[in-house]
Structures are given as C-alpha cells and as structure tokens.
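Structure first, then comments.
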Amino acid sequence: MARTPIIAGNWKMNNTIAQGKALVKALAPLVKGAKAAVVVCPAATALAAVAKAVKGTNIAVGAQNVHWEKSGAYTGEISTDMLAEIGVSYCVLGHSERRDYFGETNEGVNKRARAAYAAGITPIICCGESLEIREAGTYLAYVAYQIEAALAGFKAREVAKLVIAYEPIWAIGTGKTATFEQAEEVCAHIRATVKAKYGAAAANAIRIQYGGSVKPETIAGLMKKPNVDGALVGGAALKAKDFAAIVNF
Ligand code: 13P
C-alpha cells in the first residue's frame, strides 16, 4: 500500500501565539484538501493556541520535544499528558539542534520516542550527519546507528507507524539542499536498516522525510524519489505561501 506523504513544519524558536495563530489561519485555506498529511510544530508556548486554531482543518499539531517521565521534578520539561491534553498528535524528537546545543543523546531520544508513542503521539525521529561525517564517507553507518538506537525496544508493528526525518546537518538553514540523489540514498538506507531489524511490513509502512533547506522549488524533485515520503521544513514553514507550496508539491 502506498504511503501517505507527510509534510511537517518545524517552527523552531519562532512565532509568538499571535504570530502562530495568524500563520495557521493563512495556511488552512491554502492546504485544504492536500493529499499529504500536514503538521505544524510551534514552540511550547503557542502549542495550545495553535491546536485550537486548527480545529476543523486538516492541519495537525506537533511539539518540538517531550520528556519520557509522566510527571515529576524535571524543570523545563513537558510531559506526554500535557501535550495530549491540548491536542498535540506529533512530536519532533532528536533534532540535530537538540543534540548539538542541548546534549540530547540517542538514548534520550529513544526514551522520549517510546513515551510519546505510548501516549498516542507520533514521534518524528530526526537523524542526520555533520559535514565532517559526510566528508569522511561514514554517513550511512552513522545514520543507521542513530536509527537503530532510536528504535530500540519498539515492536515491528509500532515501528510501522513512526516517522523518521533524515536531516543532514550541513543542509539545515544553509540554503544548501541535499541533491535528490543524496536524500534518496540515505532514506533508502534507513528503510533497509528498518527492514533488516523489523521486517518488510514495517519498512514499507514507516514514513521517512527529508529535511534541510527544503523549498517550494526543491520539493517536487525530492518527492519523486521512492524512499522520500515527505519533508521536515524549517525556514520555509514560517511563510504560509511557501509552506503551502511545499505541502501541495
Ligand atoms: P531549514 O528548512 O530551515 O533548513 O530547517 C530544516 C530543519 O531543521 C527542520 O527541522
């Protein structure tokens, strides 16, 4: 069965509540009837307001992180119950900015992903290599390891429902999109990695996004690749027209 494409906008640390509400208000009519699933991921403060603003549209809301514990003394963290209560249905996990600036580890990403999944929140698990690793030629093994670590403890039927985002760090915010072939090579390798461990059904069902300077001009070429099932979009997701053009590739 064909996989439903999924286009998600990671707003990162952008958009106040007012800005976020205005953005989804402008976006909703432009993506109505899209064949791809549409997700926006506001900062924590805007999640509840944006979730309310998209009610009755085909736009779903994702968080940018979640903690694995149900509650407790974890200053600055947010639990799955808190997200579920306000209508959040996706969660970006293990973004390279979290890994690089805030010490996020493969083990932490796995714990967060399992907690999110258990709470009915679909994890969007990020992976991707630095320029150094790309140039050393070890990027396929590096990304495969990130994925194996992130998926530890999941059952095959659960893996089928997850979303993975391959985001080469050298392509994030640089304007330098990976070539369609580079994106396909790694996305295919991720699928093969999933297949080796969890079987063909999980590998065929799991959705793998590409992320890194995706623009309206590059989305069609990316989506033609057999193992690219969507995009995780940063900068271009902050403008309704650009993001809608990507969604409607
Ligand atoms: P840009 O699209 O701004 O390169 O960001 C990609 C990204 O990191 C999405 O999570």
Item to complete: For the range 139-158 and the range 208-249, compute the distance between their C-alpha centroids and round to whole Å.
Response: 24 Å
Fill in: Cα centroid of the range 170-193 to Cα centroid of the range 1-37, whole Å
22 Å
Item to complete: Rank GLY211, GLY230, GLY221 by mean-square fluctuation in a GNM of the chain with C-alpha springs under 10 angstrom and give only the top-ranked residue.
Response: GLY221
Discussion item. Whole-Hz ³J(HN,Hα) for each residue in the range 214-221, computed from phi via Karplus 6.51 cos²θ - 1.76 cosθ + 1.60 with θ = phi - 60°, x for glycine and proline: what do you get?
Written reply: 5, 10, x, 6, 9, 5, 4, x
Worksheet item: What dipole magnitude, in Debye to the nearest 20, does the chain give about its Cα centre under +1 on Lys/Arg Cβ and -1 on Asp/Glu Cβ?
Response: 900 debye
Fill in: Nearest-0.05 FRET efficiency for LYS32 and LYS176, computed from C-beta distance (R0 25 Å)
0.20
Worksheet, complete the sentence: Computed, not fitted: 222 nm per-residue ellipticity of the chain from DSSP H runs ≥ 4 (each -39500 (n - 2.57)), nearest 500, equal to -13000 deg cm²/dmol
Response to the item:
Listed by chain and number, the residues whose amide H is under 5 Å from that of GLY211, excluding neighbours fewer than 5 places away on the same chain and using placed H, are TYR166, GLU167, LEU232
Worksheet entry | Distance between modelled label sites at ALA188 and ARG3, nm, 7 Å Cα→Cβ extension | 1.4 nm
Worksheet entry | Surface share of carbon and sulfur [accessible, 1.4 angstrom probe, percent] for the range 11-157 | 55 percent
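Could you state the accessible area per residue of the range 115-163 in Å², with a 1.4 Å probe and every protein chain left in place?
42 Å²
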Worksheet item: What percent of all Cα-Cα pairs in the range 20-124 falls in each 5 Å bin, counting up from 0?
Response: 2, 13, 23, 22, 18, 12, 7, 2, 0
Response to the item:
Connecting every pair of Cα atoms under 10 Å apart in the chain and solving the GNM, the largest mean-square fluctuation among PHE154, PHE180, PHE102 falls on PHE102
Worksheet item: What residue among ALA46, ALA113, ALA237 has the largest mean-square fluctuation in a Gaussian network model of the chain, using Cα springs under 10 Å?
Response: ALA46
Worksheet entry | Net length gained if the chain between GLU158 and ALA220 were fully extended (0.36 nm per residue, minus Cα distance) | 19.4 nm
Discussion item. List the pairs from LYS32/LYS225; LYS52/LYS195; LYS55/LYS224; LYS35/LYS70 whose alpha-carbon separation is above 28 Å, in the order I gave them.
Written reply: LYS52/LYS195; LYS55/LYS224; LYS35/LYS70
Item to complete: Count charges around LYS197 for me, please; just the other residues with Cβ under 15 Å from its Cβ, Lys/Arg as +1, Asp/Glu as -1.
Response: +2
Worksheet item: Once label points are set 7 Å from the Cα along Cα→Cβ at both ALA196 and GLU148, what is their separation, rounded to one decimal in nm?
Response: 0.6 nm
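The values are calculated or read from the model by the stated rules, or taken from the named source; none is laboratory data. In this text the structure is predicted, and so the values were computed from the model without any measurement. Neighbour counts run over all protein chains shown; Cβ positions are idealised from the backbone, glycine included. Quick note on the areas: whole protein, heavy atoms, side chains included, nothing else; ligands and nucleic acids left out. Shrake-Rupley method; radii C 1.70, N 1.55, O 1.52, S 1.80 Å.
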